[in-house]
Amino acid sequence: MACCGNCLCCHCCCRDEETRTPEELTILGETQDEEDEILPRKDYESLDYDRCINEPYVEVLEEMNNKCVLAVEECSEKGCLALSLLELLAFNMMFIFIASVLVLIEPVAAGSGIPEIKSYLNGVKIPGIVRLRTFVCKAIGVLFTVSGGLFVGKEGPMIHSGAIVGAGLPQFQSITFKKINFDFPYFRSDRDKRDFVSAGAAAGVAAAFGAPIGGTLFSLEEGSSFWNQALTWKVVGQRSQTETHANTHTQAIFLSLSLFCSMSATFTLNFFRSGINYNKWGSFQLPGLLNFGEFKCSDGDKKCHLWTAVDLAFFVLMGVAGGLLGAFFNCINKRLAKYRMRHVHPKAKFVRVLESLLVAMVTTVVIFVASMTLGECRDLASSITNNNTTVSLNEDVINSTIRQFFCPNKTYNDMATLFFNPQEVAIHQLFHQDGTFSPVTLIVFFVLYFLLACWTYGVSVPSGLFVPSLLCGAAFGRLVANLLKINLGMDIYSGTFALIGAAAFLGGVVRMTISLTVILIESTNEITYGLPIMITLMVAKWTGDFFNKGIYDIHIHLRGVPLLEWETEVEMDKLTASDIMEPNLTYVYPHTRIQSLVSILRTTVYHAFPVVTENRDNEREFMKGNILISNNIRFKKASVLTRAGEQRRRCQSMKSYPSSELRNVCDDQLAAVVPAMEEGQDMLQQMLERRHAPYPNLYPDQSPSEEWTMEERFRPLTFHGIILRSQLVNLLIRGVCYAENQSSATQPRLSYAEMTEDYPRFPDIHDLDLALLNPRMIVDVTSYMNPSPYTVSPNTHVSQVFNLFRTMGLRHLPVVNAVGEIVGIITRHNLTHEFLLGKLRQHYITI
């Protein structure tokens, strides 16, 4: 029995072992053969995907359902966030795309146009600046730019548009539309056109701000080349020592013309705006596009005051802050402009369009997100005070300038109220609605607006900078007013501080003083603001000038425009006209062959040529018996500057230059004339004697021979006048010439109307058909040259040369010595600050 029991136990154990699963064997450390299949293990846990629908879960479902219903109702009634943002982006980017395409058609239409107009009135010709196509692209483009939501203004383009109208209307003709061509031969010169362009710019300012006097002063302060800015600060009746009677008469005519145009523009705009908006034709209630509103205290509040003497101290500090902020704004914008010039403008044109679209997209997203996340929902039930005057709001009637922007009922979003209103409305709110914006909102708005406006100015769209600067500065001023009220408990008029902040920031950016003061006074219609605004603008300008120039001057400099400043530095008087003039002249004779004229015009780019003679026979024939100063023995002094002596002096000064190449430039020429100098002969007497003998160079188109001495290369030339390139081309095209065997009296004569018929686009010399001309024919230019242009002596100081050149609006200034010989010529390039600075360094090196 025991044996049987043992056998049964063994059998059971063996049976259990045979029935074990692979998992059990694995756990026990026993494995099957390699050929057996490996089954999944059971030590992995499963995840529970079943929902536990209990009471807390049901509550969550009910809350989500309520939110979804609310969101659907909100999207259906007021528009949801994503859809609103996409719609806003679509409209803004479409408008900016149209504006950018218009700028591609006419690139000069980009920007505000004030730097270009300032350069034009300074005497620099910028192609296409006052064309009809520029006007169309500018006027239409600025509409789409402002509508596209960019932080730009329309006042700058209006000034440019007014200048174009002023340039085009007096011509009574159109180059674009050939059929518009009236027989009106007047106002066909750069001088007349300059006056009308300046008057048009003044009219643009007057129409934009409703400030006719400010517009007139703007054209004087920012544009006019013949007006000295220092004269504006002098007492009425005091005259500059260098001011001539003719210049005074010109200024009087200009002032009358500009003021008349400004008044006409202001009243014309006022008439139509008042009639359209109020249906009261002839009421004249809206003088300008930008209206600051009326600054006044309530009749019942006797403690209210616009500003006090104590406030002037804060105004000065705000002027300093405005100058610093303006300098920082200009510095950033200058770096952005340089980046665009190096990396954007050299590429394909569509890259500029993409940049404009990028700016529009970023601006739209930033203001939308900032309004949603950083805006504060303020209660409409609380009264909105208008500068210490409480105005209760009707629950059913909400101010059209208040933006609810997804805030609950009876509340509004203060950030969206600033961002999603027209800039003029936002400025008006900052000036007149007290307590509607929190300090945090003003800080965020100022920072975002500052950065985006700085980035925007310079993209390829028509854009202005006046209104964005005013709005940014107004936010700064309201922030200062809130801090003074909250922290110091001062009883101040917040609108005044907002106005002073706007003036401080705008003055720090553009560096305008007198004209901007008058513009702001006329826009506010409050003469008592004259003193604080003037003080603030002066402090802002002085502070900003310590760091950099104004924004318009910066962009003019970046474009390489040779703009002449108001006056030169005192140190420049160490130089004279002989130091800065160009002694290498290309000249013509009173009677010159056609082949010589064609060769000169085709091989040079000069716009004027001196008319000279070389011997006494030609002089006597030209002057018809008059005694020339250059032949008077009384002026035969060795100290008289001549072209050869000036060239020798410059070659000797090159000896002191560090560069070995410059030192060796004139060695050969000096070696040729040193023996003559060692003989101790009077060089001027030699040149006067050689003057009566014929020279090898009979025609100016022949190049000097290498065997000629310096006196032969720079022989004395008696100056008789100056003739323009356009006049020479016109004479050649119209066949004004005579044959060798005929008298000059047989030459056809052109009238003034014929000479100015093609103004301002005179024909080019390359348009001339040479087959129609006889190269041996002679042209007599004596009747068409300017026989008495402004000239200076070689010893004239640079400050006198500069004042004469800028005040009289010259293009060429011949340098004539004491014996009537032209020794050089001065152009705008010779008077730029960079050129004078380089000559001053050479002067120090020579010394």
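Here are a few things to note about the model shown:
- LEU768 long-range amide H proximity, modeled H, under 5 Å: none
- Spacing of the modelled spin labels on LYS349 and ASN409, each 7 Å from Cα toward Cβ, amounts to 5.5 nm.
- Dividing the convex hull volume of the alpha-carbon atoms in the stretch 470-541 by its residue count gives 78 Å³ per residue.
- Viscosity 1.567 mPa s, 4 °C: Kirkwood-radius Stokes-Einstein D of the stretch 540-616 over Cα pairs, µm²/s: 75
- Point-to-point label distance, TYR186-GLU740, nm (Cα→Cβ direction, 7 Å offset): 4.7
- With Cα atoms as the point set, the stretch 415-457 shows a radius of gyration and Dmax of 10.6, 31 Å.
- Here the Karplus curve 6.51 cos²θ - 1.76 cosθ + 1.60, taken at θ = phi - 60°, turns the phi angles of the stretch 112-127 into couplings of 7, x, 5, x, 5, 5, 4, 5, 5, 5, 6, x, 9, 8, 10, x Hz, with x standing for Gly and Pro.
- Projected-area average for the stretch 407-505 over all orientations - Cα convex hull basis, square nanometres: 7.0
- Along its principal axes, the stretch 705-845 has C-alpha extents of 54, 42, 28 angstrom, given from the largest down.
- Alpha carbon centroid spacing (whole Å) that separates the stretch 116-161 from the stretch 552-569: 19
- Stretchable slack from CYS331 to THR268, in nm (0.36 nm times residue separation minus alpha-carbon distance): 18.8 nm
- Where a label projected 7 Å from the Cα of ASP758 along Cα→Cβ would reach, residues of the stretch 158-174 with amide N under 20 Å: 171-174
- With a Förster radius of 45 Å applied to the C-beta separation of ASN795 and SER147, the computed FRET efficiency comes to 0.15.
- With a cut-off of 10 Å between beta carbons, the residues surrounding LEU563 carry a summed charge of +1, where Lys and Arg count +1 and Asp and Glu -1.
- Summarising the label geometry, the points placed 7 Å from Cα in the beta-carbon direction at ASN786 and MET361 lie 5.4 nm from one another.
- Residue ranges 811-822, 87-98, 270-281 sort as 811-822, 87-98, 270-281 when ordered by packing (mean number of other C-beta atoms within 10 Å per residue, highest first).
- Given LYS125/LYS193; LYS118/LYS193; LYS193/LYS334, the pairs whose alpha carbons are separated by over 20 Å: LYS193/LYS334
- Kirkwood hydrodynamic radius of the stretch 750-825, from inverse mean 1/r over distinct Cα pairs, in Å: 15.9
- The residues THR586, THR603, THR513, sorted by heavy-atom accessible surface at 1.4 Å with ligands and nucleic acids left out, run THR603, THR586, THR513 from largest to smallest.
- Relative packing of peptides 589-602, 468-481 - highest average C-beta neighbours within 10 Å first: 468-481, 589-602
The values are calculated or read from the model by the stated rules, or taken from the named source; none is laboratory data. No experiment lies behind these values; they were computed from the predicted model shown. We place every Cβ from the backbone using ideal geometry, glycine too, and count neighbours over all the protein chains shown. In case anyone asks, the SASA skips ligands and DNA or RNA and just uses the protein heavy atoms, side chains included. Shrake-Rupley method; radii C 1.70, N 1.55, O 1.52, S 1.80 Å.
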